[in-house]
Amino acid sequence: MATAGFATELVNTAPGVWHGEDQLAHTASLVAFLADHGIDGAEDRDLAPVHDLRDRLRAVLDSRDPDAIERGASALVARGVGAIGLEPDERGRLQWIARPRADADLTDRLALLGGVGVLGALRTLGPERFRDCASDTCSGVFIDTSRPGRRRYCMPDLCGNRANVAAYRARKKASGGIS
Ligand SMILES: [Zn+2]
């Protein structure tokens, strides 16, 4: 379910999530974010299309209706997909693999990756696993891919930690922000 993780992590780089700032404000931060997911080749011209994709993915995750999630995620997959085939994974088990079109640009490939992850999570886990972060200082969303299915925060280490949330509030108050 690594690709479901990619979809929610991309969505949660947006302003308003966790520490409030856009985590992909610059090309360098986009390059670093994608490197964490084993993807390279991001350039300045990719920044705006990736922000747009992030908004679209967010709308898909926010819809919560299974048909709307399915439609939205399928549209993202269609944007980047070239061929679908069966390939062995590292343990030799056959897996369905969606390969990008030869002419797909970076954002098309990310749309494919995120769309496949969302569709997989919807079908194996169900729409009730699509949730808002329970922290009142965070507008994040996530797909709970944990086995027990009781996750409440988009980033459990950050949003689920009261000390961090208190520090965040104090910082925001000190800077004159409205919470
Ligand atoms: Zn959160």
Next on the checklist: Which count do you get for residues in the range 1-40 that are touching a Ser or Thr at 6+ places or on another chain (Cβ under 6 Å) and within 12 Å of the ligand (Cβ to nearest atom)?
Outcome noted: 2
Item to check | In the range 37-59, the residues that are in contact with a helix residue (DSSP H, G or I) (Cβ under 8 Å, 6 or more places away or on another chain) and without any contact (Cβ under 8 Å) to a residue 12 or more places away in the chain | outcome: ASP40
Checklist entry - If you go through the range 36-62 one residue at a time, how many are among the small types (Gly, Ala, Ser) and at pLDDT 95 or above? => result 3
Next on the checklist: Can you tell me which condition ASP46 does not meet? The list is (1) crowded, with 16+ Cβ neighbours inside 10 Å; (2) closer than 25 Å to ARG151 by Cβ, and all the others hold.
Outcome noted: (2)
Item to check | Scope the range 109-150; condition among the charged types (D, E, K, R), assigned to a loop (DSSP other than H, G, I, E, B) and within 16 Å of the chain's Cα centre (by Cα); matching residues | outcome: ASP144
Checklist entry - Restricting attention to the range 94-108, which residues are outside any loop (DSSP other than H, G, I, E, B), in contact with a helix residue (DSSP H, G or I) (Cβ under 9 Å, 6 or more places away or on another chain) and not hydrophobic (A, V, I, L, M, F, W, C)? => result ARG99, PRO100, THR107, ASP108
Next on the checklist: Could you check the range 124-140 and list, in sequence order, the residues that are closer than 19 Å to ARG54 by Cα and surrounded by fewer than 22 Cβ atoms within 10 Å (Cβ to Cβ)?
Outcome noted: ARG131, ASP132, SER139
Checklist entry - Within the bounds of the range 82-102, is there any residue that is within 23 Å of ARG56 (Cα to Cα) and either touching a residue at least 60 places away in the same chain (Cβ under 8 Å) or buried (at least 20 other Cβ atoms within 10 Å of the Cβ) (or both)? => result no
Checklist entry - Being at positive phi and surrounded by 12 or more Cβ atoms within 10 Å (Cβ to Cβ), is that true of even one residue in the range 24-42? => result no
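The values are calculated or read from the model by the stated rules, or taken from the named source; none is laboratory data. Quantities reported herein were computed from a predicted structural model and do not represent experimental measurements. A quick note on method: Cβ atoms are made from the backbone with ideal geometry, for glycine too, and the neighbour counts reach across all protein chains shown.
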